[in-house]
Amino acid sequence: MLLFVAVSVFFLAVGHAEPTGDSSYIAAVYEHRVVLNPEPRVPLSRRDALQHLQQNLDVYEQQAARAAQQGAQILVFPEDGLQGFNFTRSSISGYLETIPDPQQESWNPCTEPGRYSNTEVLQRLSCMARRYNLYLVANMPDLQPCPLQSAPSSTCPADGRWQFNTNVAFSSDGLLVARYHKYNLYFEQAFDKPPQAEIITFDTPFAGKFGLIICFDILFRDPTVTLVERGVRQLIYPTAWMNQLPLLDTIQFQRAFSLGANVTILGANIRSDRLIMSGSGIYTPFSATYHHAKTGDPEEGRLLVARVPVLDPLWAGQSVATESTSSSSSSSVDTDSGFCHQDNCVDPPAASSSTSSSHPTFTSSMMYDPFKFILLNNTEDELQVCDGTFCCRLQYKFVPPGSSKELYAVGAFAGTHIVNGRYALQVCAVVRCADLESSSCGQEVEEAESKMDFVLEGTFETRHVYPSVLASGLVLEQPRTLEKTADGRVTMKHSNMTGGLVTACLYGRMYHLDNE
């Protein structure tokens, strides 16, 4: 599989009203190249495991100091950043620490190190937060006895213990303020799925409430959408994400979720060329500060720091980011949906009346799903492609006309994705095909020269639709306008592209159908 990479660290203006006054804070995320255990399937003693862990903690210490120097108030490290990957249930045992529940007791590991044994990592992270006066979130493996207080003994694993993939959050004085156990595992032999999804948040004095999720969680209702539905608009997101074009590159979907759910995401990924992992960022409905390594870049970590608006509607500080009062289509945004109001948006394209005869449909695999496609054979056109009763409409114009030597297609998919995870989708996408054969449409592409102005639209049976525009070299572009109407119609309009189009996508998640 190819490494999908690009470097982009910049600010994108979006059509939302930005906050003023003191309603912002400085966030940092660190993309970490993990010092790996070369034999993760061989059990280590606690002493040897700690020696390995301290190598990654030393890097964390350096980055915490750098983040603090740049004024960061909160710092996020990635999933699996301390121990690495590919452990078995038994081989990870030397790395495990039992993490107390901050909802049940108050503990500062830095100032009270003697309260619990075998908590060296918790103590080091706590002291790091305290030393550099910042809120700190890290990911680490957790050991809990059976049964849990919140679950019956019948749910216990056979060996009588729980092993969880866990986020821990510390306040700026080192207090352990949150513990979240990952609910949606992705081929993780070492860890258990908790008996029920945990909805975990913590409060800060500078930005109000943050919610905790991990990696694969972002594709599912629990806990991610449940957090948002409960009013949490700032999500902390450690991840070890393997990029997959054309629809699920790291920065592409982090940005899409931020826009579609109208939330801030502080996303920290692992850097591993071998595992196709790169891409971290600080995303708000107003801006995106991100990094995606490109082919040939040295394989190293990257610290990102950005000032971002407070989005917690209940924050006791100054005014928070709210809906714009402007009447123009590009700056009136519904703070509940992330899309602009129906009355202020562009008219959708009329559906083509002759798609069946003049625009033949073909099926090609994209992301392991059978998409229905129609080729973009003209300089400009209006097309409609359907997968069953779900239809996607595209109005497009290549700019400049006649310049394209590349093949493009518009595709629709409605169904349940079943490879490396099971989840129900409705997707509209415009993609650059890998070559000039229609069979290449849907394959992985990261470069493109062709630019187009377009309006992409679908009528979805879900209100959870995540928009993205990905340009050549994996550069994120901000859609010019987004509209969502009460009947489920979502319209994305874009023009004046800065780079060639790789993918434009409306990614609808049918959470209510996942278990059918």
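The values are calculated or read from the model by the stated rules, or taken from the named source; none is laboratory data. Model, not experiment: these values are computed from the prediction. Cβ placement follows ideal geometry from the backbone for every residue including glycine, while neighbour counts extend to all protein chains displayed. The accessibility values were calculated without ligands, DNA or RNA, using every heavy atom of the protein model including side chains. Shrake-Rupley method; radii C 1.70, N 1.55, O 1.52, S 1.80 Å.
So which aspartates and glutamates pass the test for Lys451, namely a Cα distance under 14 Å, with those fewer than 8 places away in the same chain ruled out?
In chain and number order, the partners are Glu380, Glu406, Glu477.
Computing the accessible area with a 1.4 Å probe over protein heavy atoms, can you report the carbon and sulfur percentage for the chain?
On the way: 9170 of 19430 Å².
In the chain, the share of accessible area belonging to carbon and sulfur is 47 percent.
FRET efficiency for Glu449 and Arg131, Cβ-Cβ distance as r, R0 = 56 Å, nearest 0.05?
On the way: r = 49 Å, r/R0 = 0.88.
Using R0 = 56 Å, I get an efficiency of 0.70.
Place +1 on the Cβ of every Lys and Arg and -1 on the Cβ of every Asp and Glu in the chain, take the dipole about the Cα centre, and give the residue among Gln103, Tyr116, Asn165 whose Cα lies farthest towards its positive end.
Tyr116
With each pseudo-label sitting 7 Å past Cα toward Cβ, what's the Arg307-Arg274 distance in nm, one decimal?
4.2 nm
Starting with the highest mean, order 433-440, 196-203 by the number of other Cβ atoms within 10 Å, averaged over the residues of each peptide. Don't skip to the answer; put the middle values down first.
Details: 433-440: 14.2, 196-203: 18.5.
Output ranking for 433-440, 196-203: 196-203, 433-440.
Quick one: accessible area per residue over the stretch 191-303, 1.4 Å probe, rounded to a whole number of Å²?
On the way: 2690 Å² over 113 residues.
Accessible area per residue, the stretch 191-303: 24 Å².
With n ≥ 4 as the cut-off for DSSP H runs, can you work out [θ] at 222 nm for the chain, using -39500 (n - 2.57) per run divided by the number of residues, rounded to the nearest 500? Intermediate results must be reported in sequence, preceding the final value.
Numbers: 5 runs with 57 residues, N = 516.
Helix-only estimate at 222 nm: -3500 deg cm²/dmol.
Indicate, rounded to the nearest 5 percent, the antiparallel portion of the DSSP beta bridges found entirely in the chain.
Numbers: 99 of 115 bridges.
That works out to approximately 85 percent antiparallel.
Mind checking which aspartates and glutamates have their Cα closer than 15 Å to the Cα of Lys193? Skip sequence neighbours fewer than 8 apart in that chain.
Filter leaves Asp142, Asp159, Asp217, Asp222.
For helix 46-69, report the angle its Cα long axis makes with the longest principal axis of the Cα atoms of the chain; keep it between 0 and 90° and round to the nearest 10°.
Tilt relative to the chain: about 60 degrees.
Helix 250-261 against the longest principal axis of the chain: what's the angle in degrees, Cα atoms only, rounded to the nearest 10?
Value to nearest ten degrees: 80.
Using unit Cβ charges (K, R positive; D, E negative) and no other charged atoms, how large, in debye to the nearest 20, is the dipole of the chain about its Cα centre?
On the way: 37 positive and 55 negative charges, 132 e Å.
Once rounded to the nearest 20, the dipole reads 640 debye.
Which Cα, out of Ser468, Cys433, Val225, lies furthest along the positive dipole direction of the chain (beta carbon charges, K/R +1, D/E -1)?
After comparing all options, I get Val225.
What's the extension gain from Asp203 to Thr98 if we count 0.36 nm per residue and subtract their Cα-Cα distance?
Numbers: separation 105, 0.36 × 105 = 37.80 nm, distance 2.30 nm.
Roughly 35.5 nm would be gained on extension.
What share of Cα pairs, in percent, lie more than 37 angstrom apart in the chain?
29 percent
Once label points are set 7 Å from the Cα along Cα→Cβ at both Arg161 and Asn496, what is their separation, rounded to one decimal in nm?
Taking the simple label geometry, Arg161 and Asn496 are separated by 5.9 nm.
Can you order the peptides 146-156, 490-500 by their average number of other Cβ atoms within 10 Å per residue, highest first?
Numbers: 146-156: 12.6, 490-500: 19.4.
Listed from highest to lowest mean packing, they are 490-500, 146-156.
Would you list which lysines come within 21 Å of Lys484, measuring only between C-alpha atoms, while excluding same-chain residues fewer than 8 positions from it?
Here the lysines satisfying the reach criterion relative to Lys484 are Lys493.
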